[in-house]
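Since the structure comes first, as structure tokens, the remarks are kept for the end.
Bear in mind these aren't lab numbers, they're just calculated from the coordinates by the rules spelled out. As the structure is a prediction and not an experimental result, all values here were calculated from the model. Using ideal geometry, Cβ is built from the backbone for each residue, glycine included, and neighbour counts are taken over all protein chains shown.
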Amino acid sequence: MSKSCMLELPETLYATLARVAADEGVSPRDWIAARLPALDEEAPAVVSIRDQVSPVLLPILERVAAQMGQDLDTFLVDWKRKYGAKPPVVLTDEEREMWNARLQACIIHTGCATGTDNESIDADLVREYGDDHADLYRHDGSAG
């Protein structure tokens, strides 16, 4: 059963909601519905946007929002969308194989120590660190 209700939002908050929903290709109503927990006892509590920001950053972001003349909650939603953690990209097996093939095509094997396979550099370092350089010092202990 559905019920039609009206929700009043500040214009800036609605603009942010509409932009975020459009970025995901859904309506604002569907965007909100997808993020609301199911209304049962096991549902997690809705977390305020302010609780999702580090307590160290919150006072700084409050000042920035005030300087920009924006409502804090609207500013935080926009800030989190721009600078918050992004969801990981999920690749299909075919996409992963394609990107791995493209990466392999860019790898160059130079056959010398300038490549990423630096066995000769490692061998030089082992040899150098293993040498006590006794031939550089006189018998009395001073450098020669």
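The residues neighbouring R19, those whose beta-carbon lies less than 9 Å from its own, together hold a net charge of -1 under the Lys/Arg +1, Asp/Glu -1 convention.
Annotation: peptides 69-79, 95-105, 25-35, ranked by per-residue average of other Cβ atoms within 10 Å with the highest first, follow the order 69-79, 25-35, 95-105.
Protection proxy ranking for 119-128, 14-23, using the average of other Cβ atoms within 10 Å per residue and placing the highest first: 14-23, 119-128.
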